[in-house]
1. Scan region 65-81 for residues that are open to solvent by 50 Å² or more (accessible area, probe 1.4 Å), of a type outside the set (D, E, K, R) and either part of a strand (DSSP E or B) or farther than 22 Å from R49 by Cβ (or both) and jot them down.
2. Return yes or no: is A106 in contact (Cβ under 8 Å) with a residue 60 or more places away in the chain and closer than 23 Å to D39 by Cβ?
3. Any residue at all in region 50-57 that is touching a residue at least 40 places away in the same chain (Cβ under 8 Å), crowded, with 17+ Cβ neighbours inside 10 Å and over 12 Å from the mean Cα position of the chain (by Cα)?
4. Could you list all residues from region 82-127 that are small (G, A, S) and either open to solvent by 90 Å² or more (accessible area, probe 1.4 Å) or assigned to a loop (DSSP other than H, G, I, E, B) (or both)?
Amino acid sequence: MMARRNPRGVTVDGLDRLARRLRQLEPAIRDAAVKAVRDAAESVREDTRDSVRVDTGRLRNGVQVRVRDARLVAEVGWFDRETYYARFQEFGTKRIPANPALTRAAQVERRKFPRRLTDDVRREIDR
């Protein structure tokens, strides 16, 4: 692609080729974004597993990831009825001090996510 000056402004040679290449990249960029979301959710899950209180192991083993690729959304947490008490561990009660394992893991990943997304998209574009 090359830009040249002409009396009316700038002419860009190869613009059609660039537009075609960008259209080709759209699915790849989306796939990279989905990968970044999925990897971030898995990271939150693993960090939560490593820091949640363990008595029976149900909370440690029950933290799950749900990913909805179509919306680039991931949910991490406890989704079954048997682990209803996860909220008591996370936020505390009168007798149980709060241990916000999931909240801390999400906050750590929030700082990392922009870099994770950038790296995944860049890798896909450079292929």
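1. A70, L72
2. Yes, satisfied.
3. Within region 50-57, one or more residues are touching a residue at least 40 places away in the same chain (Cβ under 8 Å), crowded, with 17+ Cβ neighbours inside 10 Å and over 12 Å from the mean Cα position of the chain (by Cα).
4. G92, A98
The values are calculated or read from the model by the stated rules, or taken from the named source; none is laboratory data. These numbers were taken from a predicted model, which means no experiment stands behind them. Cβ atoms come from the backbone with ideal geometry, glycine included; neighbour counts cover every protein chain shown. For accessibility, only protein heavy atoms count, side chains too; no ligands or nucleic acids. Shrake-Rupley method; radii C 1.70, N 1.55, O 1.52, S 1.80 Å.
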